[in-house]
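To start, the structure itself, in structure tokens.
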Amino acid sequence: MPLSNRFVYEGLRYLAILFAIVIALIPIAWMATMAFKPVAEWTTAIADVTWLPKNPTLGNFEYIFTGETEEVIVTLDRIAIRPILSSLLIASFGTLIAVFAGTLGAYGVSRFAVGRNLPLGVLQLRLFPPIAVVIPVMVMWTFLGMVDTWWGLALIYGIVTLPFAFWLMMTFFDEVPLEIEEAALVEGCSHWRVFYRVTLPMVKAPLATTCLFVFILNWSDYLIALLLTRKDWVTIPVYMSELSVAMTGPMYGAKAALGLVAAVPPVVLGIIIQKHLVRGLTFGALKQ
């Protein structure tokens, strides 16, 4: 390829990437500006809507964390602190269940070829429409007394996201050379010791990537939490849908403020595992 054509191709490629990034960031930027707008600016007519707040305020954050503010007359029945803590607890334990079971199952299938139809069977959990699965689960959870409990919701989160963790980890385990484990077995290590001391450290980066993706799935779930929670363990997405009053309609400013708060844990988790994230996403990419 001539040098000039190569520069044109690279320029167009970067422009396309930049355009995609801008399109993806527009909703986030709109949410960020909406979070600091007073009530008068997000209840105005569409023709009068502005991109940036004319009179920036922290009233929306005050409203969701205290339930009252000078700008919003109606007080909240419950503040956002409990839903935030509920989401953190439930999403974390759901991620732990999915990654723990998925990692063990993926290693067994990858190394010992147990259950040739097991990967397809696990994948079928994700093939059904969520609403078709949640209704029977809701009946079962009601019978077991697990509705509106953190462990009941965490358990179903772990089950629902298990196929994702299983398939992702199985792909990573397939990239680990079998000869390394065989050498450890020859030295006298048991299969469990080989897994714990040899293989698992080698997939530390992919494991961190899997944890992040599964956590995001659990953190952002709405349908399951809507049907399996009532009052005590309401999560952020369900609580956000309740931010609406008769006088002003949906509380767009409060929802945007809560959306910014809800974005913090996944971002912080991504920053913490950043050094493992790129390695996990590219694990095995250079293998011939």
Taking H placed 1.01 Å from N in the peptide plane, check which residues at least 5 places from residue 244 or on another chain put their amide H under 5 Å from its amide H. 251
Run the dipole for segment 81-281 about the Cα centre, Lys and Arg Cβ at +1, Asp and Glu Cβ at -1, nothing else charged, and hand back the magnitude in debye, nearest 20. 280 debye
HN-Hα couplings for segment 130-137 via Karplus (6.51, -1.76, 1.60; θ = phi - 60°), in whole Hz with x for Gly/Pro, come out as x, 5, 6, 8, 5, 4, x, 5
In this structure, the FRET efficiency calculated for residue 10 and residue 66 from their beta-carbon separation, with R0 = 51 Å, to the nearest 0.05, is 0.50
Determine, for 68, 62, the number of other Cβ atoms within 10 Å of each Cβ, and report the residues in order from fewest to most. 68, 62
How many angstrom separate the Cα center of segment 5-20 from the Cα center of segment 147-198? 40 Å
Name the residue, out of 250, 27, 38, whose mean-square fluctuation peaks in a Gaussian network model built on the chain with Cα pairs under 10 Å. 27
Derived scalar couplings ³J(HN,Hα) [segment 215-220; Karplus, 6.51 cos²θ - 1.76 cosθ + 1.60; whole Hz; x for Gly, Pro]: 4, 5, 4, 5, 5, 9
If I model a spin label at residue 104 and residue 24 as a point 7 Å from the Cα along the Cα→Cβ vector, what separation in nanometres do I get? 3.5 nm
Please report the orientation-averaged projected area of the chain, defined via the convex hull of its C-alpha atoms, in nm². 22.0 nm²
Which residue fluctuates most in the GNM of the chain (Cα springs below 10 Å): 270, 158, 11? 11
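Got a sec? How would 57, 235 order by Cβ neighbour count within 10 Å, fewest to most?
Listing 57, 235 from fewest to most nearby Cβ atoms yields 57, 235.
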Could you list 33, 210 so that the one with the fewest beta carbons within 10 Å of its beta carbon is first and the one with the most is last? 33, 210
Gaussian network model of the chain, Cα springs within a sub-10 Å range: biggest mean-square fluctuation belongs to which of 129, 163, 237? 129
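Every number here is computed from the coordinates shown, using simple stated rules; none is lab data. These figures come from a predicted structure and were not determined experimentally. Every residue, glycine as well, gets a Cβ built from its backbone with ideal geometry; the counts of neighbours run over all protein chains shown.
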